[in-house]
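Asker: Okay, handing you the structure first.
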Amino acid sequence: MELKSISIPEWIKNVGNIKGVMPEKKVSEFEPLRDHAREAEYAEKLAKMVRYETVSYPDTDQREKFLGFHKILEELFPLVHRDLEKTEIDGNLLFHWKGESSDKPMVLMAHQDVVPAEGEWEHEPFSGDIVDGVIWGRGTADTKCSLMAIFQAIEELLADGAVPANDVYISTSCTEEVNGPGCSKLVSELERRGVKPYIVCDEGGAIVEEPIGGIKGYYAMVGVLEKGIGNLCFTAKSNGGHSSYPPKNSPIARLSKFVTDIEKNSPLKADFEPEVEAMFTTLAPYGPAYMRLLFGNIELNKPLLKRLLPEISPQAAALLRTTIAFTMQSGSDALNVLPQEAKLYANMRFIPHQGLAESVAAVKAVADKYDLETEFLGGNDYCEPVDINSDAYKMVESVIEEVFPKLPVCPYVMTGGTDAKFYQKICDACIRFSPVVYGKDQMKGMHGINEKLDLYSLPGAVDFYKTIIEFNR
């Protein structure tokens, strides 16, 4: 989960040629509610899940580890395991709750695996310590909290004798953090059964504090578009030689010129996807005056915004265009030897208006100028966006309004990756939203040190999943 706040520098507040009418000022009045009894109950369950280490590693068979985690789930949620059909595939789990109808099946998702926990932590990363209203540990926020909430929601509905109007599936992989094949195996199983989900709800967006600098309060950022991802290798070759008489345009020099050219004269085009435009338009009224003018009149100010937003912050730039990040480089093995071959690696994230093929071709054209070989190492294109006017998206909006009164709802573009991409081929409404309140401290801890979660997030998350099951009629 990589939702990050967008910061706004001081200079943009004084831009002189902003045009348009200032939208009426709005304020987010949402505040997380407290239910101490439920918080304590849910925290103990989440703590037991966190204490079982589920770090995943690429290209490694860890089925036995995750089978051990499944025993924890069975202990914590006995009714789910008694009443739902369970399918286990290489450590990945699929549960089926038979509804009154199979017309509009729903898939609820959260992954079992977590990233490694490195560095010095205030509380041990797999302690599950509960201190002063906070639970600590790797996976508390990403995403064992959501996994616990999904299981707990169904556990409570089963205890009440509920039967869903439509089929419900729990889909949880053990390879999400390494972009592994776990979820695709579950999707293949559903394809084999002929299941076409009406809606999928995975991680991605969440309830976040100040999503853009100056936008005060909490907002439900609902992920409706996931950018694609790909890795490239650029190779520069020469005859090598001794460093005492270096030639011009050596391999590393050419790679350096290439990087400088890309940074200064990017071939990747900035533009507004409809979902990005909807995000800024929705949030604009909650900002200060300059932001209401700037973002509240996007159609008028698009030429200005296309120039300004990429300068505001990396997060803002990532919403408007395909990005390229140079991540690794290799050359000679000796300090005094010119390399016969030097390599540079890059990670790209593709946006719909300039997808995988066009973006790679644009970067390759620049690489060709410097006599570099370009190799595409693999990846996937962007996911088709969810229609924000569809019944499925409107249902999510209604559930959020029901469970979290006074919480503004806003579409959001995912710049990171999720398992939901695997469901795109069988579902038209793959929504990325965890119904969890993340303050600024929680955002910093994801994939970093001192991951933690405020306990007040847990009851609302459980209620969200209970309500979306009840609303799906």
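The values are calculated or read from the model by the stated rules, or taken from the named source; none is laboratory data. It should be emphasised that the depicted structure is a prediction, and the values quoted were computed from it without experimental measurement. For neighbour counting, all protein chains shown are included, and Cβ atoms are generated from backbone atoms with ideal geometry for every residue, glycine included. Surface accessibility is based on the protein's heavy atoms, side chains included, excluding ligands, DNA and RNA. Shrake-Rupley method; radii C 1.70, N 1.55, O 1.52, S 1.80 Å.
Asker: When you scan region 189-199, do you find a residue that is under 21 Å from the mean Cα position of the chain (by Cα) and either acidic (D, E) or within 30 Å of A316 (Cα to Cα) (or both), even just one?
Answerer: Looking through region 189-199, at least one residue is under 21 Å from the mean Cα position of the chain (by Cα) and either acidic (D, E) or within 30 Å of A316 (Cα to Cα) (or both).
Asker: On to the next question. Kindly indicate whether T87 is in contact (Cβ under 8 Å) with a residue 60 or more places away in the chain, in contact with an Asp or Glu (Cβ under 6 Å, 6 or more places away or on another chain) and β-branched (V, I, T).
Answerer: Spelling it out, it is not the case that T87 is in contact (Cβ under 8 Å) with a residue 60 or more places away in the chain, in contact with an Asp or Glu (Cβ under 6 Å, 6 or more places away or on another chain) and β-branched (V, I, T).
Asker: Scan region 49-62 and tell me whether some residue there is assigned to a helix (DSSP H, G or I) and in contact with a helix residue (DSSP H, G or I) (Cβ under 7 Å, 6 or more places away or on another chain).
Answerer: So far as region 49-62 goes, yes, one or more of its residues are assigned to a helix (DSSP H, G or I) and in contact with a helix residue (DSSP H, G or I) (Cβ under 7 Å, 6 or more places away or on another chain).
Asker: Quick check on E100: is it in contact with a helix residue (DSSP H, G or I) (Cβ under 8 Å, 6 or more places away or on another chain), over 30 Å from L293 (Cβ atoms) and either among the polar types (S, T, N, Q) or open to solvent by 30 Å² or more (accessible area, probe 1.4 Å) (or both)?
Answerer: no
Asker: In addition: Would you mind stating whether M106 is modelled with pLDDT of 95 or more and out of contact with any Leu (no Cβ under 9 Å at 6 or more places or on another chain)?
Answerer: Yes, satisfied.
Asker: Moving on to the next point. Identify all residues within region 193-220 that are among the hydrophobic types (A, V, I, L, M, F, W, C) and within 14 Å of F464 (Cβ to Cβ); write none if there are none.
Answerer: Residues satisfying the conditions are I199, C201, A206, I207, A220.
Asker: Among L33, L84, L46, which is open to solvent by 70 Å² or more (accessible area, probe 1.4 Å) and either modelled with pLDDT under 95 or among the hydrophobic types (A, V, I, L, M, F, W, C) (or both)?
Answerer: Exactly one of L33, L84, L46 is open to solvent by 70 Å² or more (accessible area, probe 1.4 Å) and either modelled with pLDDT under 95 or among the hydrophobic types (A, V, I, L, M, F, W, C) (or both), namely L33.
Asker: In addition: May I ask you to say which residue of F433, F422 is touching a residue at least 60 places away in the same chain (Cβ under 8 Å), within 20 Å of S184 (Cα to Cα) and in a strand (DSSP E or B)?
Answerer: Only one candidate passes the filter, namely F433.
Asker: Moving to a separate point now. Give the residues of region 16-30 that are at pLDDT below 95 and either exposed (fewer than 14 other Cβ atoms within 10 Å of the Cβ) or closer than 27 Å to Q152 by Cβ (or both), sorted by residue number.
Answerer: Matches in region 16-30: G16, N17, K19, V21, E24, K25.
Asker: Also: Mind listing whichever residues of region 363-388 are surrounded by 15 or more Cβ atoms within 10 Å (Cβ to Cβ) and under 16 Å from the mean Cα position of the chain (by Cα)?
Answerer: If the condition is that a residue be surrounded by 15 or more Cβ atoms within 10 Å (Cβ to Cβ) and under 16 Å from the mean Cα position of the chain (by Cα), then N380, D381, Y382, C383, P385, V386 are the ones that fit.
Asker: Can you tell me how many residues within region 424-463 are crowded, with 24+ Cβ neighbours inside 10 Å, over 12 Å from C145 (Cβ atoms) and over 13 Å from the mean Cα position of the chain (by Cα)?
Answerer: Qualifying residue count for the region: 0.
Asker: When you go through Y393, Y345 one by one, which is the residue that is part of a strand (DSSP E or B), over 17 Å from the mean Cα position of the chain (by Cα) and of a type outside the set (A, V, I, L, M)?
Answerer: Unique residue meeting the criteria: Y345.
So that you can scan it fast, the table gives a plain yes or no per residue for (1) crowded, with 19+ Cβ neighbours inside 10 Å; (2) in contact with a Ser or Thr (Cβ under 9 Å, 6 or more places away or on another chain); (3) over 13 Å from T374 (Cα atoms); (4) among the small types (G, A, S):
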| residue | (1), (2), (3), (4) |
| --- | --- |
| A325 | no, no, yes, yes |
| S330 | no, no, yes, yes |
| D333 | no, no, yes, no |
| N336 | no, yes, yes, no |
| Q340 | no, yes, yes, no |
| A346 | yes, yes, no, yes |
| R349 | yes, yes, yes, no |
| P352 | yes, no, yes, no |
| A361 | no, no, no, yes |
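Asker: Look through region 326-342, keep the residues that are touching a helix residue (DSSP H, G or I) at 6+ places or on another chain (Cβ under 9 Å) and assigned to a strand (DSSP E or B), and return whichever of them is farthest from G379 (Cα to Cα).
Answerer: L338
Asker: Is it true that some residue in region 396-410 is part of a loop (DSSP other than H, G, I, E, B) and either in contact with a Lys or Arg (Cβ under 6 Å, 6 or more places away or on another chain) or open to solvent by 20 Å² or more (accessible area, probe 1.4 Å) (or both)?
Answerer: Taking every residue of region 396-410 in turn, at least one turns out to be part of a loop (DSSP other than H, G, I, E, B) and either in contact with a Lys or Arg (Cβ under 6 Å, 6 or more places away or on another chain) or open to solvent by 20 Å² or more (accessible area, probe 1.4 Å) (or both).
Asker: Related question: Taking the options E273, E277, name whichever one is among the acidic types (D, E) and either without any contact (Cβ under 8 Å) to a residue 40 or more places away in the chain or touching a Phe, Trp or Tyr at 6+ places or on another chain (Cβ under 9 Å) (or both).
Answerer: E277
Asker: Working only within region 68-81, note down all residues that are surrounded by 15 or more Cβ atoms within 10 Å (Cβ to Cβ) and touching a helix residue (DSSP H, G or I) at 6+ places or on another chain (Cβ under 8 Å).
Answerer: F69, I72, L73, L76, F77, V80, H81
Asker: Next question. Could you tell me whether region 193-202 includes any residue that is in contact (Cβ under 8 Å) with a residue 60 or more places away in the chain, within 30 Å of T281 (Cβ to Cβ) and of a type in the set (D, E, K, R)?
Answerer: Scanning region 193-202 turns up at least one residue that is in contact (Cβ under 8 Å) with a residue 60 or more places away in the chain, within 30 Å of T281 (Cβ to Cβ) and of a type in the set (D, E, K, R).
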